[in-house]
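Structure record follows, encoded as structure tokens.
The values are calculated or read from the model by the stated rules, or taken from the named source; none is laboratory data. These numbers come from a predicted model, not from an experiment. Ideal geometry is used to build each Cβ from the backbone, glycine not excepted, and the neighbour counts take in all protein chains shown. Ligands, DNA and RNA are stripped out before the accessible areas are found, and what is left, the full protein with its side chains, is counted by its heavy atoms. Shrake-Rupley method; radii C 1.70, N 1.55, O 1.52, S 1.80 Å.
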Amino acid sequence: MSCYYPARADINLDAIVHNLRTIESALSGQQIMAIVKADAYGHGRSQVARACLNAGVNFFGVAQLGEALTLRNELGAGPNILTWIYAPGAPLVRAIEANIDISVGAFWALEEVEKAARAVGQPARIHLKADTGMARGGFNGSDMAEAARQARKLENNGLARVVGLWSHLARADEPESDFTDVQVKRFEAARSAVSSAGIDVQLHHLAASSGALWHPAARYDMVRPGAALYGISPSPAMGTAAQLNLRGAMQLSATVIVDRTVPAGTGISYGHSAVTDKETRLGVVPLGYEDGIDRMASNTAPLVINGHRTTVTGRVCMDQFVTELPEGAKAGDTAYLFGDAQDGLPTADDWAVATKTIGWEVITRIGARVPRYYHGTGAPRS
Ligand SMILES: *Cc1c(COP(=O)(O)O)cnc(C)c1O
């Protein structure tokens, strides 16, 4: 592959396990649900999930039902897997057969779980989802008692087992916001409604990375980190990844394919949004927006070539962009876009600042055509 494709994403599985330990050290014994949705934020779902499984994680979260079914095939029976995105008419039968935990946050979903469980002849494992302040998925607070009553009926009929009650925090990454306290209060109300219906829930879970790190009251029985696992700071305002002892797990690089000298006054790339003010050495890096390099990176995002910082020069194209080459750099040298701060590289969070987005998006949008190479204990041989 590498001889055809001159860019690569190196995935350090040891960094992911290191980040797992960092998160664990902030907790007081809560279980961890490793979030591996979106192909493990672009890092490779099966490889990341296996590394976490070997490191003792026994619960995985993916958004979509299809991802959950694939992950079950990849991990085999044993670890728990929760899915929370499926549409009316989705094959919940397959989820129940594969022993996948199903989030239920709407009355139509309760009905579909009931139908599917009857068809399989086996109870579904469900996590009731309360909306406590995202206005996204989940039952309204005012519907929680009725939802719990119906879920209890499914339990009584052997069609479901309510193993979890959960919700999601909207502002846990904002140092100035006290909205997490409001959500914890609403979650407590949902918890009372469920227990009043006679349901004995084992797993209450509310916190993703930022809640796990910074909101002890939101940790309950289990936390659901994604970003922090991959070395993204859930809030650079609260601390950089390095300050939080999180290591960037993805290093994105490419081989410089062109080196040339152009005179002063040369317009660069589409629209000539950059023009040289003196004779300049330019290089071409073969990564573009098809690979997930945001056009917002044009003229601003950092890279490192031969140990020197430079930036994207001119507009990012579909498959490539131009950069000013540091002294002595030439075609065949490696351009590093982001990686771990310890290696002297810009981080995905730095790219997020440069491109006016969040670290989550920077790593997750790296295109499928960029080959991934795995390193660290348990890395598959390539
Ligand atoms: C993505 C997601 C997570 C993980 O969030 P991070 O901020 O990446 O830690 C947790 N829970 C739910 C419901 C999610 O959708």
Would you check which residues across segment 250-260 are crowded, with 21+ Cβ neighbours inside 10 Å and either within 13 Å of the ligand (Cβ to nearest atom) or not small (Gly, Ala, Ser) (or both) and list them? Met250, Gln251, Leu252, Val256
Starting from segment 222-238, keep only residues that are part of a helix (DSSP H, G or I), then list their pairs with residues that are hydroxyl-bearing (Ser, Thr, Tyr) whose Cβ atoms are within a distance under 6 Å, requiring at least 6 positions of separation or different chains. Ala227/Ser209; Ala228/Ser209; Tyr230/Tyr41
Of everything in segment 240-280, what is under 32 Å from the mean Cα position of the chain (by Cα), over 17 Å from Gly344 (Cβ atoms) and assigned to a strand (DSSP E or B)? Give them in sequence order. Ala254, Thr255
Of a type in the set (A, V, I, L, M, F, W, C), surrounded by 24 or more Cβ atoms within 10 Å (Cβ to Cβ) and free of Cβ contacts under 8 Å to residues at least 40 places away in the same chain: does that describe Ala207? yes
Do we have Arg161 as open to solvent by 40 Å² or more (accessible area, probe 1.4 Å) and either within 16 Å of the ligand (Cβ to nearest atom) or assigned to a loop (DSSP other than H, G, I, E, B) (or both) here? no
Residues in segment 106-116: is at least one open to solvent by less than 10 Å² (accessible area, probe 1.4 Å), more than 30 Å from Gly231 (Cβ to Cβ) and without any contact (Cβ under 8 Å) to a residue 40 or more places away in the chain? yes
Kindly provide the set of residues from segment 330-379 that are polar (S, T, N, Q), under 16 Å from the mean Cα position of the chain (by Cα) and either in a strand (DSSP E or B) or buried (at least 20 other Cβ atoms within 10 Å of the Cβ) (or both), ordered by number. Thr347, Thr364
Do we have any residue at all in segment 292-300 that's open to solvent by 50 Å² or more (accessible area, probe 1.4 Å) and either assigned to a helix (DSSP H, G or I) or without any contact (Cβ under 8 Å) to a residue 24 or more places away in the chain (or both)? yes
When the residues of segment 7-31 are narrowed to those that are part of a strand (DSSP E or B) and open to solvent by 10 Å² or more (accessible area, probe 1.4 Å), which ends up nearest to the ligand (Cβ to nearest atom)? Gln31
It is to be established whether one or more residues within segment 45-54 are in contact with a strand residue (DSSP E or B) (Cβ under 9 Å, 6 or more places away or on another chain) and within 11 Å of the ligand (Cβ to nearest atom). no
Considering only segment 172-216, state which residues are outside any helix (DSSP H, G or I), over 24 Å from the mean Cα position of the chain (by Cα) and within 19 Å of His127 (Cβ to Cβ). Ala197, Gly198, Ile199, Asp200, Val201, Gln202
